[in-house]
Amino acid sequence: MILSSETQPITIRQTPASAIESMLPTLIERLQETVSGGVGLGFFAPLSYRMAREYWLSIIPELVHGSRILLTAHDDSGFVGCGQLALSQRQNSPHRAEVEKLFVATAARGKGVGTALMEGLHHTALAHGRTLILLNTRADIPARQFYKSLGYREVGVIPGWTVSASGERYDHVTLYKELTYAGAARGAVAASSV
Ligand SMILES: CC(C)(COP(=O)(O)OP(=O)(O)OC[C@H]1O[C@@H](n2cnc3c(N)ncnc32)[C@H](O)[C@@H]1OP(=O)(O)O)[C@@H](O)C(=O)NCCC(=O)NCCS
């Protein structure tokens, strides 16, 4: 899937489990950078190399199974971001998926990469029959406004949902978006061995 940002084309790829090992150094470095930048994505800063590596390796079984999908964004400098879709495996929710671990490399933010990734995730969700998309984010970070600018609606704030390393509690907000097939004519996300 090729999407043009203001400055240059961004390629959004579905990255298979088989590509994780070769991308590990970049994935680890960018995840560490994001966590150090103040958005923990489930981790405490500083995120160790070992823990970041274990995290990326831990998603491989779900990627193989097909219950999780990893999209990566690339410009001519290489990897610039990623996001995941967790497809509900429950019998009563074949229409539901969650967006997880979306982040853009610090130097590439504000250029449309995050939006391109979300469009790719939406397209991929629809391709898997998933129309109800959920996500959860800290209430005090810019991502909250980012998701709202993409049409996500807030369900509400859960006080103290997560904690920092020092024990400080953070409020989180849950958001959702109902996708329609009418708005999904942007082309397929390419499966790639990267
Ligand atoms: C949130 C994030 C993924 C957005 O990616 P991005 O590539 O910077 O976003 P885009 O350039 O596509 O921005 C699209 C819109 O989002 C909103 N937005 C993005 N960053 C914003 C910020 N820092 N403050 C306020 N609004 C912001 C704006 O409405 C923007 O539209 P505009 O360009 O017309 O102003 C990225 O900033 C990031 O990786 N942040 C750290 C990790 C994180 O917070 N992940 C989400 C955890 S749930």
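The values are calculated or read from the model by the stated rules, or taken from the named source; none is laboratory data. Remember, predicted model here, so these are calculated numbers, not experimental data. Note that each Cβ is placed from the backbone with ideal geometry, even for glycine, and that neighbours are counted across all protein chains shown.
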Restricted to the stretch 27-68 and to residues being among the polar types (S, T, N, Q) and within 15 Å of the ligand (Cβ to nearest atom), the residue nearest to Gly129 (Cα to Cα) is Thr34
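When the residues of the stretch 114-150 are narrowed to those that are near the ligand (Cβ under 6 Å from one of its atoms) and closer than 21 Å to Trp56 by Cα, which ends up surrounded by the fewest Cβ atoms within 10 Å (Cβ to Cβ)? Spell out the reasoning first.
Let us first name the residues in the stretch 114-150 that are near the ligand (Cβ under 6 Å from one of its atoms), namely 114-115, 137, 141-143, 145-146, 149.
Within this subset, residues satisfying the condition of being closer than 21 Å to Trp56 by Cα are 114, 137.
On the way: Gly114: 23, Thr137: 21.
Per the criteria, the residue is Thr137.
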- [ ] Using the structure shown, decide if Arg153 is within 11 Å of the ligand (Cβ to nearest atom) and either at pLDDT 95 or above or surrounded by fewer than 11 Cβ atoms within 10 Å (Cβ to Cβ) (or both).
- [x] no
Taking the stretch 29-38 and keeping only residues that are in contact (Cβ under 8 Å) with a residue 60 or more places away in the chain and over 14 Å from Ala165 (Cβ atoms), one is left with Arg30, Leu31, Glu33, Thr34, Gly37
Within the stretch 47-90, the residues that are within 13 Å of Glu29 (Cα to Cα) and among the aliphatic types (A, V, I, L, M) are Leu47, Met51, Ala52, Val80
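Condition check ((1) at pLDDT below 95; (2) of a type outside the set (A, V, I, L, M, F, W, C); (3) within 15 Å of the chain's Cα centre (by Cα)) across all residues:
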position	(1), (2), (3)
His95	no, yes, no
Glu100	no, yes, yes
Arg109	no, yes, yes
Gly114	no, yes, yes
Leu126	no, no, no
Tyr176	no, yes, yes
Ala182	yes, no, no
Arg186	yes, yes, no
Val194	yes, no, no
Checked the stretch 156-177 for anything surrounded by 14 or more Cβ atoms within 10 Å (Cβ to Cβ), more than 18 Å from Phe103 (Cα to Cα) and in contact with a Ser or Thr (Cβ under 8 Å, 6 or more places away or on another chain); matches are Ile158, Tyr170
The residue that is nearest to the ligand (Cβ to nearest atom), considering only those in the stretch 73-104 that are touching a Ser or Thr at 6+ places or on another chain (Cβ under 6 Å) and under 19 Å from Gly37 (Cβ atoms), is Phe103
If you go through the stretch 76-87 one residue at a time, do you hit one that is within 19 Å of Ser149 (Cβ to Cβ), within 14 Å of the chain's Cα centre (by Cα) and surrounded by 20 or more Cβ atoms within 10 Å (Cβ to Cβ)?
yes
Scanning the stretch 100-113 for residues that are free of Cβ contacts under 8 Å to residues at least 40 places away in the same chain and outside any helix (DSSP H, G or I), the one surrounded by the fewest Cβ atoms within 10 Å (Cβ to Cβ) turns out to be Gly110
**Asked** Do we find that Ile60 is β-branched (Val, Ile, Thr) and surrounded by fewer than 23 Cβ atoms within 10 Å (Cβ to Cβ) in this structure?
**Response** yes
Expected single match for farther than 25 Å from Ser22 by Cβ, assigned to a strand (DSSP E or B) and in contact with a helix residue (DSSP H, G or I) (Cβ under 7 Å, 6 or more places away or on another chain) among Ala97, Ala73 is Ala97
If we keep only residues of the stretch 17-42 that are outside any helix (DSSP H, G or I) and within 15 Å of the chain's Cα centre (by Cα), then the residue nearest to Ala125 (Cα to Cα) is Leu41
